[in-house]
Amino acid sequence: MLADFQQALADLTASPELCIRVRQDPSVLRDTYQLTEREWRRLTAIVTHRGMECACILYRANRLAPLAMNVPRTCRALGADLRDLVSEFWAAHPESNVHFYIETERFCRFLKAKLDEGRTYAPDVARLLAWETAIITAALEESYTEGRQSHEEA
């Protein structure tokens, strides 16, 4: 039950949409997680607390940071489509990776798959994505090489 409480809290923090659903119908928590009465009461109190919106914003900002830093041109080219696209990416990949290059590379693969499926974005998106993906792939490979060398030296 504690594991479900922790998972529910993580899921709520990662999903403003889930917070809204739980605010409208707190039974969503019981239907989705195995919670004690005390855990359920705490989560319903947390989700209605005004600080929860801030927690969701911080979570999303932390997930957006690697993308903004590592594929800024692609993000700019996506323009207004970026918001919906990252929300879709985060829903499909709720687990984040603290390694900025890994998180960015996963996003690049996700966006490339969308383009391959025929989704259309601004004209420069595909070109910029290919260019920035190559940079990220090289940086990721370099970070692995440095990590292996450091481990061998230890």
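In the chain, which helices (entire DSSP H runs) extend 20 Å or more along their own long axis, judged by Cα positions, while averaging at least -0.5 on the Kyte-Doolittle scale? Counting only whole DSSP H runs, the qualifying helices are 51-70, 100-116, 125-153.
Give me the percent relative contact order of segment 1-145, please, defined on Cα pairs under 8 angstrom at least 6 residues apart. The value is 22 percent. Taking 0.36 nm per residue of separation and subtracting the current Cα-Cα distance, fully stretching the chain between Ala10 and Gln34 would add 7.2 nm. Using the Cβ of Thr48 as centre and a radius below 12 Å, the other residues enclosed give a net charge of +3, where K and R count +1 and D and E count -1.
Look at the alpha carbon pairs under 8 Å that are at least 6 residues apart: their mean separation over the length of segment 2-49 gives a relative contact order of 46 percent.
When each of the peptides 81-90, 103-112, 46-55 is scored by how many other beta carbons lie within 10 Å of its residues on average, the order from highest to lowest is 103-112, 81-90, 46-55.
What FRET efficiency would be calculated for the residue pair His99, Met1, taking the C-beta separation as r and a Förster radius of 35 Å, to the nearest 0.05?
Working from the Cβ atoms, E equals 0.65.
Relative contact order of segment 61-153: 39 percent, from C-alpha pairs under 8 Å at least 6 residues apart in sequence.
The helix-only estimate of mean residue ellipticity at 222 nm for the chain, built from DSSP H runs of length n ≥ 4 each weighted as -39500 (n - 2.57), is -26000 deg cm²/dmol after division by the residue total. Rg over Rh for the chain works out to 1.07, both radii taken from alpha-carbon positions and Rh defined as the Kirkwood radius. Extension gain for the segment Asn62 to Ser143, taken as residue separation times 0.36 nm less the Cα-Cα distance, is 27.1 nm to one decimal. Note on segment 2-49: percent of Cα-Cα distances in each 5 Å bin, starting at 0 and stopping at the bin with the largest distance, equals 5, 25, 41, 24, 4. Report the residues of segment 51-91 in range of a label on Leu115: point 7 Å along Cα→C-beta, backbone N strictly under 19 Å from it. Residues 67-90 qualify, since their backbone N sits under 19 Å from the label point.
Computed from the coordinates by the stated procedures, all read-outs in this text should not be read as laboratory data. None of the values given here were measured: they were computed from a predicted structure. Note that we place each Cβ from the backbone using ideal geometry, even for glycine, and neighbour counts take in every protein chain shown.
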